[in-house]
Amino acid sequence: MIMDDKDDVRERAHHAAEEAAHSATADKAKGRVKEAVGKVKEKVGGAIGDHELEAKGTAQRIDGKKDRLKGEIKDKIEDVKEHIEAGIDVVKEKIDEARGKK
């Protein structure tokens with residue numbers, strides 16, 4: 001029964017990690033688009049003397065950067081999670097080997 005619970009928890013964690021990875025890609029893409037559009041608005045606003053458009057562009061560019069960085073952070077978290085899981089698997093193998101030698 002305990003092993004079933006662990007497997008269930010592991011499966012749910014894996015599913016959640018996959019969802020986060022996909023949303024990381026979406027966050028980065030959305031962020032890049034917002035950054036590009038914001039930068040264009042900034043340049044156009046500055047060129048025509050429309051300070052409101054320029055300010056809106058700056059805000060949009062910054063918001064896009066925030067989204068992109070959020071996606072990058074999610075990717076890093078996924079990388080760390082994978083390294084931890086690999087380490088856990090190695091420890092389990094060593095424990096199983098030690099038990100087999102007794």
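The values are calculated or read from the model by the stated rules, or taken from the named source; none is laboratory data. Here the structure is a predicted model, which means the values were calculated and not measured. Here Cβ is always computed from backbone atoms with ideal geometry, including for glycine, and neighbour counts include all displayed protein chains. Surface accessibility is based on the protein's heavy atoms, side chains included, excluding ligands, DNA and RNA. Shrake-Rupley method; radii C 1.70, N 1.55, O 1.52, S 1.80 Å.
Structural remarks
- Other residues whose C-beta falls under 9 angstrom from the C-beta of E54 contribute a net charge of 0, scoring Lys and Arg +1 and Asp and Glu -1.
- Full-extension gain in nm, E11 to I62, via 0.36 nm per residue minus C-alpha separation: 14.7 nm
- Karplus (6.51, -1.76, 1.60) ³J(HN,Hα), θ = phi - 60°, over segment 88-94, in Hz, Gly and Pro reported as x: 4, 4, 5, 4, 4, 4, 5
- Shape category assigned to the chain from the gyration tensor of Cα positions, a/c cut at 1.5: prolate
- A simple spin-label model places the labels of E19 and D79 2.4 nm from each other, with each point 7 Å out along Cα-to-Cβ.
- With a threshold of 29 Å on the Cα-Cα distance, the over-threshold entries among K70/K92; K39/K70; K43/K76; K41/K70; K41/K66; K65/K92 are K70/K92; K43/K76; K65/K92.
- In the context of the full set of protein chains, residues of the chain present 77 Å² of accessible surface per residue (probe radius 1.4 Å, heavy atoms only).
- Coupling constants for segment 62-76 follow from the phi torsions by the Karplus curve (6.51 cos²θ - 1.76 cosθ + 1.60, θ = phi - 60°), and in residue order they are 5, 4, x, 4, 4, 5, 4, 5, 4, x, 5, 5, 4, 4, 4 Hz; glycine and proline get x.
- Electrostatic tally near R68: other residues with Cβ closer than 9 Å to its Cβ, Lys and Arg +1, Asp and Glu -1, net +3.
- ³J(HN,Hα), Karplus 6.51/-1.76/1.60, whole Hz, each residue of segment 26-35, x for Gly, Pro: 5, 4, 5, 5, 4, x, 4, 5, 4, 4
- Per-residue [θ]222 nm for the chain (sum of -39500 (n - 2.57) over DSSP H runs n ≥ 4, rounded to 500): -36000 deg cm²/dmol
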